[in-house]
Structures are given as structure tokens and as C-alpha cells.
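A short write-up of the structure that comes next.
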Amino acid sequence: MVKRVAIVGAGVTGLASIKCCLEEGLKPTCFERSDDLGGLWRFTTKVCSVRKRPDFTATGQWEVVTLCEGKQESAIFDAVMVCTGFLTDPYLPLDCFPGINTFKGQYFHSREYKHPDIFRDKRVLVIGMGNSGTDIAVEASHLAKKVFLSTTGGAWVISRVFDSGYPWDMVFMTRFQNTFRNSLPTPIVNWLIARRMNGWFNHANYGLIPEDRVQLREPVLNDELPGRIITGKVLIKPSVKEVKENSVVFSNTPKEEPIDIIVFATGYTFAFPFLDETVVKVEDGQASLYKYIFPAHLPKPTLAIIGIIKPLGSLLPTGDIQARWAIQVLKGMIKLPPSSIMMEEVNERKKNKPSWFGLRYCRALQTDYITYVDELLTAINAKPNLFSLLLTDPRLALAIFFGPCTPYQFRLTGPGKWEGARNAIMTQWDRTFKATKTRIVQEPPSLFASLLKLFSFLALLVAIFLIFL
């Protein structure tokens, strides 16, 4: 029986895994190579290897070898949860930039970026238009002499402030919206998304419109970028053709642009150097994991990988639900299918075939947030039953379906149930605007509300007249 669990990594998914283990009566030990957290954690401890015990087929146990302050230790655990995430190794494809070795300026990966002062009065090139790249370009534009943002395929840029000033994810990420999107053919969904994205500003006019509008990549969240572009503070450029000693040449133009600093916001790769490739092998940025969690070929499901997924939604609650589901598997409360069936599902996902309905994602690690978490929640009896709630608590049912799909919904029932979940759902908008309503204003009465009251009053008079007639 699983009791002692090793947790590798004390990031957000590691913390969630610790919490879930404690809720289920397990004994977690967390190994963290940095020194940021304390308590159950073993600080500045590097995990050297996680190996199957000789009797693994019978016990499912693992030997974890660690290094701390020059001293190597080993311990036996009933299960292991790997929570190192997919942002572990900076991806720096210098071979794709001819002439980079002759560049006399400074260049570095975005992971090394700490403060915009290094850009003061410099000519800066940021390569890569993800969230990190756009954030760095915007920050640099306040101090630099000139800022270029190079993108190969473009991207949709959205503001954190959405319709009527609501947070974008609380409007976009609802069960109603998700059901509606997944019921429409993919071309129509893509057209609707393009129309919505261009509602803020026309991406084509800003040189940002994605070249591939069939497969959805993660949108860029940045409130300032359009303003910096329209004022000339940030210049959008295509891919880099060549790097010279003090300048670069962009594709489709012979003109050289003088550059002092190049920032490579080119993303990350992930790997598990402490695991043998026979346990988990990373190929083309993905691993053969059932439900993005369990290696499909192991005879004993006692190794879980948490957080190797890119949902179109928040990763934090996704990792929490992964941990809750995985721990039920570790405890034997949920039985996984035979290895052949799991491998079949993994291979189908890797093919990333279009379903022709809903959103189509450009990478296999990307997935629909609500659809995925509901799948795991169903297995642990934690998915809200809307049909049942419509009969017993219709206000809550409507709030769950039409309102934001916040993590409170995932704590209404099942393992980790929270008694305060219902109240948290019904009052979430109050907390959302508490931070913004720092000045109380007298709102003008709604015309519709006034007409409704007048109609109700007239109807009451007519009813009284008819009664006493």
C-alpha cells in the first residue's frame, strides 16, 4: 500500500501535490533544489536519480538518490510525483541565427532577464512573441533608444481587461462558452475568435496577425503592446535572417538594423535527467503519458508526472486536479486501463488529429482546460452534477454553467471537498470588484429596471381593479 511519497520540485504543482497527499493521509517528502521554501521540504537538495527497486514489479517502490551539501543519500518511497514542470531548460537555438558568434553586443535568454535598466539608451531586439517576449519588449521600450520585436508566425494579443472591464478569463472560461465553442465547426470557431481578437485592435494593421489561424497557439496577454506599437516605441519585425557584428538583417528586407542587445525569448524545453529513458522518454517536446500524468508502460502506476500540460486556462488548478486524481490512482481507488489501451490513447493524442469541432491546438501538450479537468473530476466524483443541481440548487447550477469556471467548482464534492465552495462561487464577483471599487459612486438607475418597475406597478393596479370590479 502506498504511504511514503517523494515529491520532486516545490513549485505550484509540487505544493498542490503535498497538500493533496496530506489530505489523503499520505506522508510526502518534497525535494527542492533551491532554498525558497521550508517546512516539509528538504532545501538545496538535488535529486540525482529515481530508480525502480529490484522488486518493483511486486512492490512498485522507487529508490531516490539525492545530493545535499556534497553528501549523497538514498531513500525508499512507495511512489514518486515529479513536479518539475515544463519550463526547466531554456531553449536557445543559436544555430538558427547565422552570424550570432560574430555579434559584439550582448545576448541572453529571457530567463536571465531581471531588470529593464540594462536597456537604457540601447537598441534592443527581442526574438520571440510569447508572453515573456512581449513583456520584455514593452518594459524595454520605456528606457531603450529603440526596440524591435521579432516574430515568425505572429500571435493574437488580448488584454487582461475584457468585456465591460471584467477579467478576460472570467468571461472567456465558462462552461457555457466552452460548450458553445465545442459544438461549432472549427472554421467558424476560428472566425469568431479572430473577430473577437480584432475587436480590440486590428492585428493585421499592427503586423501581429497569426499566419496560422487554423491551429490555435497560446494568446499573448499584454495590455500595453498596442499602445507601444502605435507610438513607435516597439517595432514589429519578421524573423531574423542574419546577425552581424553590430546589427541584424531581417527576412524580406536587405536593410541592416543596428542592435546592442539581443534577448532570446525562445521558450523552454523539459527533461527528466534523474529518470532513466526506459521510464519516461521525452521526444519532440512530449512524453508518452496517460492523461498527461502516468507512463503508460509501467507495470505498477506509482510514478506520476504533474504539470506537463499546457491548458487554455490556468495551470494552477489543472495541476491541483492532476494531483488529486493521481493520488487516488496511487492509493488504488482508481484502476488504470491495461497498458495497451493507455498506449493507444497516448499515440492518438500525439497525432493531434483535428476533430473538426471546437478549437484545434497546434501542439499535443495543449488541451482544452474545462474538457480536460472535467475528465479527471468525473473519475474522482468531483465534477459538479448540473442536472442534479438544477433540481436542488438552481441558482448554484446557473452560476456554475454561465459563470466563471473557477476552482471553487472543483471543491463542491469528491476528495478534498470544501464546505465553503458554494458561498465562494456565489460571491466571487463581489471579491473580483472589491479591489477596483475603491471609490463608491452612485450609479444612475437603469432605464430597463425603471420600465420594469412601472410595468409591474401598472399590472398590480389592473389586478386590483379586476378583483374589486
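For this structure, a couple of remarks:
- Residues being open to solvent by less than 40 Å² (accessible area, probe 1.4 Å), within 21 Å of the chain's Cα centre (by Cα) and not aromatic (Phe, Trp, Tyr) - total across the range 316-351: 10
- Contacts under 6 angstrom Cβ, first residue in the range 261-273 being touching a residue at least 12 places away in the same chain (Cβ under 8 Å) and within 16 Å of LEU365 (Cα to Cα), partner open to solvent by 30 Å² or more (accessible area, probe 1.4 Å) and of a type in the set (A, V, I, L, M, F, W, C), 6 or more apart: TYR268/LEU87; PHE270/PHE86; ALA271/VAL282
- The one condition in (1) touching a Ser or Thr at 6+ places or on another chain (Cβ under 9 Å); (2) more than 22 Å from GLN328 (Cβ to Cβ) that LYS122 fails to fulfil: (1)
- Flag if ILE370 is at pLDDT 95 or above and either open to solvent by less than 20 Å² (accessible area, probe 1.4 Å) or not in a loop (DSSP other than H, G, I, E, B) (or both): no
- When LYS244, LYS237, LYS233, LYS255 are checked against the criterion of being among the basic types (Lys, Arg) and at pLDDT below 90, LYS255 stands alone in meeting it.
- Filtered residue count, the range 88-124, keeping only those that are among the polar types (S, T, N, Q), surrounded by 18 or more Cβ atoms within 10 Å (Cβ to Cβ) and either farther than 30 Å from ILE306 by Cβ or free of Cβ contacts under 8 Å to residues at least 60 places away in the same chain (or both): 0
- Residue count for the range 393-426, restricted to those that are within 25 Å of TRP168 (Cβ to Cβ) and open to solvent by less than 60 Å² (accessible area, probe 1.4 Å): 17
- Of all residues in the range 67-87, those that are within 22 Å of VAL282 (Cβ to Cβ) and open to solvent by 10 Å² or more (accessible area, probe 1.4 Å) total 4.
- Strands (runs of 3 or more DSSP E) fully within the range 208-307 that include at least 2 residues being within 30 Å of PHE103 (Cα to Cα), open to solvent by less than 40 Å² (accessible area, probe 1.4 Å) and among the hydrophobic types (A, V, I, L, M, F, W, C): 240-243, 247-250, 261-264.
- Complete set of residues in the range 8-18 that are touching a residue at least 40 places away in the same chain (Cβ under 8 Å) and farther than 16 Å from THR88 by Cα: ALA16, SER17
- Looking across VAL138, VAL189, VAL171, one residue alone is open to solvent by less than 10 Å² (accessible area, probe 1.4 Å), touching a residue at least 24 places away in the same chain (Cβ under 8 Å), part of a helix (DSSP H, G or I) and in contact with an Asp or Glu (Cβ under 8 Å, 6 or more places away or on another chain). It is VAL138.
- Taking the numbered list (1) closer than 24 Å to VAL157 by Cβ; (2) within 23 Å of the chain's Cα centre (by Cα) in turn, VAL124 passes all entries but (2).
- Summed over the range 331-345, residues that are touching a helix residue (DSSP H, G or I) at 6+ places or on another chain (Cβ under 9 Å) and under 21 Å from GLY414 (Cα atoms) total 4.
- Residue check, LEU377 open to solvent by 70 Å² or more (accessible area, probe 1.4 Å), in a helix (DSSP H, G or I) and either under 17 Å from ILE321 (Cβ atoms) or at pLDDT below 90 (or both): no
- Within the range 141-154, the set of residues being of a type outside the set (S, T, N, Q), open to solvent by less than 20 Å² (accessible area, probe 1.4 Å) and outside any loop (DSSP other than H, G, I, E, B) comprises VAL147, PHE148, LEU149.
The values are calculated or read from the model by the stated rules, or taken from the named source; none is laboratory data. The shown structure was predicted, so the numbers you read here are calculated from the model rather than taken from an experiment. Every residue, glycine among them, receives a Cβ derived from its backbone with ideal geometry; neighbour counts consider all protein chains shown. Keep in mind that these areas ignore ligands, DNA and RNA; they rest on the heavy atoms of the full protein, side chains included. Shrake-Rupley method; radii C 1.70, N 1.55, O 1.52, S 1.80 Å.
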